[in-house]
Amino acid sequence: MTNMTLGIGGMTCAACAKNIERVINKQEGVNKGLVNFGTEKLNIDFDENIISLDKIFDLIKRAGFTLYLPETNDTSTTRKADELNRLWLSFKWSLIITIPLFIFSMAPMIFYAMGWNVIPYNLDPLNFPSWNGLIQLIFTLPVIWLNRDIFRRGFTAFFSGAANMDSLIAKGTMVAFLFSLYITIENFLLVGTSLAATMEEMIFMDRNQFYFETVAVILTLIVLGKYLEAKAKGSTSEAIRKLIGLSPKSATIIRDGAEMIIPVEDVALGDIIQVKPGEKLPVDGVVIQGATSVDESMLTGESMPVGKKEGDIVIGASINKNGSIKYKATKIGKDTVLAQIVKLVEDAQNSKAPIARIADTISGYFAYAVLTIAIAAGVAWFIAGYDMAFVMVVVVSILLIACPCALGLATPTAVMVGTGKGAENGILIKGGESLETAHRIKTVVLDKTGTVTEGKPHVTDIIVKGIYSPDDILLMAASAEKQSEHPLGEAIVNHGVEKFGALLEPEKFTAITGQGIAATIKGEDILIGNKKLMDESKIDIIDYAADSDSLANEGKTPMYFAVNGKLEAIIAVADIIKPTSKKAVQRLNDMGIDVVMITGDNQRTARAVAKQAGIDNVLAEVLPQDKAENVKRLQEQGAKVAMVGDGINDAPALVQADIGIAIGGGTDVAIESAEIVLMRGDLQGVAQAIYLSKRTMRNIKQNLFWAFAYNIAGIPIAAGLLYIFGGPLLNPIIAALAMAFSSISVLLNVLRIKRLNLVK
C-alpha cells in the first residue's frame, strides 16, 4: 500500500473536497482518500498494483480539479503565489471593465429616480434600448471571459453530480446573463435600431430590463472574495513557512583538516561542523569541542538560552549565541528535529477534526438543495403573477447568497492556525482529532519522574552540627564521590563542580555495594552512605535521627557523612520538582481539571513530591505495566483522561489515554505514542495545549454557527420574505457581496487564534 500527499488546485468550497473524496474512495485499489479543503491537500492510501497514479490524476482532472505531485515547500509557495497573482489580475481587469459598465447602466436610472433630468435626450441609453443592451453586452463578455474558470468548474461539478460553490455562482450569473441577452435580441427584433415611435411601442421598462452590470459586478466581487480568501488562507499556514525558514542554507564543516562551506543538504552523518557566535546550527548533533549558550526558542518556545558543553545534544536551526563550538552531525535531512516538527505540523494540518464531518456532509448536498429552493421560489413568484425579471432576481439572489464556502472554511482553517500556533510555542499537536479531543479533558495524569520532577537527583540539604561548614562537607563529599558511578554520588559531584569548579583528588576510594563509599581525602577517612553503613561502622547517628526522619518525610534521601569515625553531617539528595510544575498544576486546577500523579515510588516519597507540586490525588507504588490499567480505571469513571509522561514505561498509558502528551526530553517511544508532544519538557505546556484546544474549538463553533445562521437567514431574505411584508427585494449584487463577506469573516475570525497568549 502506497501513501502520498498531493496538492489540489481548483477547490472552492467544502463540497469540492467532498466530491473529490467521493470520486477517489469509490475506486478499487484505494484504501482511503482524505481531502483537506483548508490546506488544499489530498492524502491517499492506494495499491499501485490495482490503480495507478496516472489514473488518479485523470479521475481528478475529469472531476474538474488539478492534482500536483508532492511539492517542496518552495514550489508550493511559488504555485500559491502564482495563483494569488492570477486572481489579482482577474479582479483588477474585471474592475476596470465593470466600473464604466456600471456607470453607463445605472447612472440614468439613478438620475431619473432622483428627478434629475440632466442627460440630453440623444445621449440617454434608456431611449435606445437596442443599443443600450448591445453596449452592455460588449462590456460584460470580457468579464465573463476573465472569470471563465468559475463557469468551467461550476458546470463540470454540477453535471458530474457534485455541485459546489462555483456551480451556484455559475448558474446564478448565467441565468441573469441569458435573460439579459434574450431582452437584447428581442429589442432588435421588436424595436429595431431606432427610437420607438411611442412609449407604448417601446415598452420602456421591459426593453431596458438588463442585468449585464449585475453579472459583471457579481463576478468582480466573487473574484475579489476569492483573492482575499486565498490571501487569508496563506496566513493560516504561516507557521509552516516560519519553521521551514529557520533552517540555514549552508554549513561550515571540517574535512581532512580543511574548513569548507557546503549546502546544508550535503552535510553527511559524522561530519564535524564549526559554528561561530550568531550563526544557526545547520543540523542536529553532539558538541565535541567548546561551550556556548544556544537559543532554541523557535523550536521549543523556551525564551531562555540553553547552555551547551562537550557531550551535549544540539538541535539544527537553533542559534549559537556567544561561543564557538564544534559538533558532530548525528541527524540530517528528514531525521532532524526541525524536519520532524515540520512533518508533524503538516500532518496535523492535513488531518480532519471530527467536527468537520458536519460541514462536509451538509456541503455535499447543499448546492442541490439550494437549486431546488431557488426554482421553487421562482415558480411560486411567477404563479403569483410576477414577471420573469422579478423571478430572475429572486432565483439569482438565492443561488448567490447560499454558497457553502464559509461552512467549508470554518474547521480546516481553524485547525491549521491552531496547530501552527501550538508549534510556535513548542506544542506539537499531531492531528485535528487530537486538537478537538483535548478540549474535553477533565483529568490529567502526570508521571512523576521526569515529568513533575527533573528526572535526576540534586543535592537539596546539607545539615551540619560539628566543626565543619556546609562548604567543607560538600567539597570533601564531592571529591570522595568522583569515582562513584551511583546516581546519588553523581548528584553530589555535580553540585560540587558547580560550586567549586575543581575538586580534590581522593587518595583511596572503595565502593561498598548497597551501602555507600569509603575514601581518604587529605589523610581524612571519609564514609558516605546509608544507615546500614553507619551501623556496620559503629558510628552513632542519634544526634541526626530527627533530621533524617524529617528529610525522608519530605521525599528526600538522607546520606550520612562521617569523618574519622564520627558523623559530621547529613547530605540530602532528591529528584526535585521542576520550577514550573506547581504553577502548571495550579493552572490546570483553575481550568477545572483534576490532576493525578502516578509513580512507582513509595507512598511517603510520592506524597511529599505531590505536596510540593500542589497535587492532591496520588497513585503510588504502581508498577510500570499497571499504569495503563490505572488510566483505564479513571476513564471508566466517565472522565476524559490525558496522560503525561516521558519514559518507555509510559508508552502503554499514553496510548490508553484519550490524549497522550509526551514531554519533549523523553524517549522516542513515548513521543511516538503520544498525540501531543511538548518540546520544552515543561508541564505548563499541558495547560497551554488544553487552553489552545478550547479556544480553537470555540472558534470553530463560532464559525459553524455563523455560517449556518448566515445561510438560514440569507436564503429566505433572498427568496423575497421581506418583500412579502413590504420590505425590499434583495439585489443579486448585495447577495454576492454578502456571500464573499461571509467567507472572509470566517477567515478573519480564525486568524484571531494567532493572537492568543498561551502563557498565563
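The values are calculated or read from the model by the stated rules, or taken from the named source; none is laboratory data. Computed from a predicted model, the values in this text were never measured in an experiment. Here the Cβ positions follow ideal geometry from the backbone for every residue, glycine too, while neighbour counts run over all protein chains shown. These accessible areas exclude ligands, DNA and RNA; they are computed on the full protein's heavy atoms, side chains included. Shrake-Rupley method; radii C 1.70, N 1.55, O 1.52, S 1.80 Å.
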Is it the case, given these coordinates, that residue 562 is closer than 19 Å to residue 463 by Cα, aliphatic (A, V, I, L, M) and either touching a residue at least 40 places away in the same chain (Cβ under 8 Å) or touching a Phe, Trp or Tyr at 6+ places or on another chain (Cβ under 7 Å) (or both)? no
Might you check whether a residue that is assigned to a helix (DSSP H, G or I), modelled with pLDDT under 80, open to solvent by 10 Å² or more (accessible area, probe 1.4 Å) and touching a Pro at 6+ places or on another chain (Cβ under 8 Å) occurs anywhere in region 707-717? yes
Those residues that are open to solvent by 20 Å² or more (accessible area, probe 1.4 Å) and outside any loop (DSSP other than H, G, I, E, B), I need them from region 521-535; list them, please. 524, 525, 527, 531, 532, 535
Positions within region 19-73 being at pLDDT below 85, over 24 Å from residue 417 (Cβ atoms), aliphatic (A, V, I, L, M) and not in a helix (DSSP H, G or I), in sequence order: 63, 67, 69
Go over the candidates 668, 658 one by one and state the one that is charged (D, E, K, R) and at pLDDT below 85. 668
Quick one: count up the residues across region 378-419 that are modelled with pLDDT of 80 or more, closer than 18 Å to residue 706 by Cβ and not in a helix (DSSP H, G or I). 0
Residue check: is residue 485 surrounded by fewer than 14 Cβ atoms within 10 Å (Cβ to Cβ) and not in a loop (DSSP other than H, G, I, E, B)? no
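Here's the yes/no breakdown for (1) at pLDDT 85 or above; (2) more than 40 Å from the chain's Cα centre (by Cα):
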site	(1), (2)
194	no, yes
229	no, no
279	yes, no
288	yes, no
All conditions in (1) open to solvent by 10 Å² or more (accessible area, probe 1.4 Å); (2) in a helix (DSSP H, G or I) are true of residue 422 except (1)
Tell me, yes or no, whether region 150-164 has at least one residue that is open to solvent by less than 70 Å² (accessible area, probe 1.4 Å) and at pLDDT 85 or above. yes
